[in-house]
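The next block holds one structure in the form of structure tokens; read it before the comments.
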Amino acid sequence: MHEILNDPIDVTVAFTDNRVLPRAMRWNEREYKIDQVNLVHTAREGAKRIFYFSVSDAANYFKLKLDPEILEWRLVELYTDG
Amino acid sequence: MDNTARIILHIDMNSYFASVEQQANPFLRGKPIGITGKNQERSVVATASIEAKALGVKTAMSTWEAKKVCPSIILWPGDPEKYSDIMHRFNAIYESFTPNVEPFSVDESFLDITEEAEDYFGATCMAQAIRSRLYEELGEHITASIGIAPNKLMAKLACETVKPNGLTVVRPHEILDLLDRSELEDLCGIGPRIKERLNALGIANFKQLREFPRENLEREFHSYGTWLHEAALGRVASAPLLFKEGLGVVTSQQEAKSYGHSYTLPQNTSDPRVLKRYLFGLADKVGWRMRRDGVVARRVTAFVRFGDPSTSLGTGFSSHGEQRTFQEPTADGMHLFQIAWKILEPISLVDVRLVGLSTSILSGDPTQPSLFKKERNMTSVLSALDELQHRYGSGIWKRGATLQTEFKSRSSGFHFDHEI
Ligand SMILES: [Mg+2]
């Protein structure tokens with residue numbers, strides 16, 4: 001199932017080799033461990049540059065949005081296999 | 001220039017939009033997926049994944065038909081911003097190998113690596129190096145086919161021969177062989193209509209095309225006949241000629257005789273700075289469409305509409321428009337804007353509700369290849385892709401002045417926006 005969302009979330013990140021790697025996230029009072037960061041891309045929102053992280057765990061694909069100006073993370077897409 | 005002395009790479013991403021989605025989302029990998037517009041029911045498949053193609057799904061098929069052909073297909077709404085960002089990234093990778101990078105469509109670029117590679121061995125090594133950079137920086141699921149040849153036309157044709165993930169090298173003495181292994185329509189520049197006309201002349205392959213008297217081709221196709229003859233010999237190297245089949249399309253665009261956009265402002269304004277920004281945005285968009293179609297103009301018309309008919313005495317909106325004709329044809333957004341602003345600036349711009357700009361007296365641009373051929377063909381079927389092209393275009397030709405202006409987007413583009 002593919003859902004489009006816009007939910008604020010808490011994210012634990014690692015800073016490695018000049019990269020930001022989301023490691024875990026908390027959404028809907030549940031903790032998800034992130035296994036893979038599959039793709040990172042950016043987009044413009046007005047004058048701002050926004051970062052998107054396409055990540056996954058064993059059963060879900062998540063698209064996370066980071067607004068680097070206010071350091072806010074949101075879950076914007078969820079796809080669950082099957 | 002002796003075209004056999006050049007070494008050109010053509011790099012084409014395989015099932016580009018679908019591959020990007022499969023890279024982002026592991027649950028789409030290995031599955032038939034189709035990238036669609038936002039409104040899936042009324043949309044078409046802009047890109048089918050390699051798996052979907054294997055099951056019979058074709059580009060530009062309606063989603064309804066795709067479902068019928070391949071019931072297990074996963075239809076996925078396209079994300080133009082993502083494809084555009086990734087496109088800039090792979091072109092940046094190419095630019096680290098040579099400054100001579102020419103993006104040809106959203107997922108294809110030409111690289112002239114004559115100096116950097118020195119010979120075909122060097123070119124092959126460079127192609128492998130580019131491929132591993134793509135792998136490292138974009139991921140293993142975004143793959144490309146690469147063609148290497150002495151000119152763009154042949155590099156693109158070589159690239160077509162092995163997909164996905166192919167690497168095809170065609171050295172000067174192998175060109176005729178490549179042509180003879182290819183179908184007429186494989187060549188960029190020969191579309192279905194041209195192919196039919198060639199068939200009617202008894203020409204079914206490149207060998208027959210090569211042997212067909214050149215004068216007869218020219219009688220049938222005029223200058224395009226010369227192009228066909230040279231192409232069958234693998235001798236067409238230059239970009240301006242390359243995409244003139246093109247010709248048919250360009251001609252129909254010229255028949256349209258004008259390109260234009262108008263924009264109804266979110267609020268009426270008397271501020272010349274605001275108007276200037278909108279006018280610039282319109283000029284850029286018109287210029288982009290003209291460059292897309294490979295045409296230039298010698299006339300610019302600019303116009304404004306004032307006020308609101310419900311509060312004015314007239315029977316409608318009053319308006320003002322004028323045109324300027326000039327000697328040096330252009331498709332440059334900045335030029336078009338400057339000319340249009342010279343027209344509007346002297347007018348008393350009070351309570352303006354709409355601003356518009358159009359270009360006419362068009363001719364084919366001999367100096368510029370018509371870019372985005374593939375996308376141009378797609379626009380008629382997919383508005384999402386149209387939006388992507390707009391981003392792509394403005395990404396390449398973006399100018400500071402419009403950054404302040406945000407056009408409200410709709411699925412088809414501008415808000416209250418009219419192509420003229
Ligand atoms: Mg491609």
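The values are calculated or read from the model by the stated rules, or taken from the named source; none is laboratory data. Remember, it's a predicted structure, so these values are computed and weren't measured experimentally. Every residue, glycine among them, receives a Cβ derived from its backbone with ideal geometry; neighbour counts consider all protein chains shown.
Any residue that is within 30 Å of B:Ser49 (Cβ to Cβ), at pLDDT 95 or above and surrounded by fewer than 22 Cβ atoms within 10 Å (Cβ to Cβ) - is there at least one of those in segment B:106-123?
Within segment B:106-123, not a single residue is within 30 Å of B:Ser49 (Cβ to Cβ), at pLDDT 95 or above and surrounded by fewer than 22 Cβ atoms within 10 Å (Cβ to Cβ).
For segment B:118-153, give me each residue that is among the acidic types (Asp, Glu) and either within 16 Å of the ligand (Cβ to nearest atom) or not assigned by TED's automatic domain parsing to the domain that holds B:Asn25 (or both).
None - no residue of segment B:118-153 is among the acidic types (Asp, Glu) and either within 16 Å of the ligand (Cβ to nearest atom) or not assigned by TED's automatic domain parsing to the domain that holds B:Asn25 (or both), so the list stays empty.
Take residues that are touching a His at 6+ places or on another chain (Cβ under 9 Å) and tell me which of the strands (runs of 3 or more DSSP E) falling wholly in chain A contain 3 or more.
Details: elements: A:2-8, A:10-16, A:19-27, A:30-33, A:36-45, A:48-56, A:60-67, A:72-80.
Those strands (runs of 3 or more DSSP E) span A:48-56, A:72-80.
Report whether or not B:Leu153 is free of Cβ contacts under 8 Å to residues at least 60 places away in the same chain and among the aliphatic types (A, V, I, L, M).
No; evaluated as a whole, the condition is false for this residue.
So which pairs qualify, if the first residue must be in segment B:93-111 and over 23 Å from B:Gly294 (Cα atoms), the second must be more than 13 Å from the ligand (Cβ to nearest atom) and of a type outside the set (A, V, I, L, M, F, W, C), the Cβ gap must be under 7 Å, and the two must be at least 6 apart or on different chains?
That search, which allows pairs on different chains as well, returns B:Ile93/B:Arg133; B:Ile93/B:Glu137; B:Phe97/B:Glu116; B:Thr98/B:Asp112; B:Thr98/B:Glu116.
Scanning for something away from the ligand (no atom under 16 Å from the Cβ) and more than 14 Å from chain A (Cβ to nearest Cβ), does segment B:10-23 turn up at least one residue?
Within segment B:10-23 (the criterion being away from the ligand (no atom under 16 Å from the Cβ) and more than 14 Å from chain A (Cβ to nearest Cβ)), the answer is no, since none of the residues qualifies.
If the requirement is being more than 14 Å from chain A (Cβ to nearest Cβ) and within 19 Å of the chain's Cα centre (by Cα), which of these qualifies: B:Glu51, B:Glu102, B:Glu81, B:Glu95? Spell out the reasoning first.
Working: B:Glu51 fails: within 19 Å of the chain's Cα centre (by Cα); B:Glu81 fails: more than 14 Å from chain A (Cβ to nearest Cβ); B:Glu95 fails: within 19 Å of the chain's Cα centre (by Cα).
None of the others qualify; the one that does is B:Glu102.
Taking the condition away from chain A (no Cβ under 12 Å), part of a loop (DSSP other than H, G, I, E, B) and not basic (Lys, Arg), does B:Thr124 pass?
Judged against the criteria, B:Thr124 is not a match.
Of everything in segment A:13-44, what is more than 21 Å from B:Lys82 (Cβ to Cβ), hydrophobic (A, V, I, L, M, F, W, C) and touching an Asp or Glu at 6+ places or on another chain (Cβ under 7 Å)? Give them in sequence order.
The answer is A:Ala24, A:Trp27.
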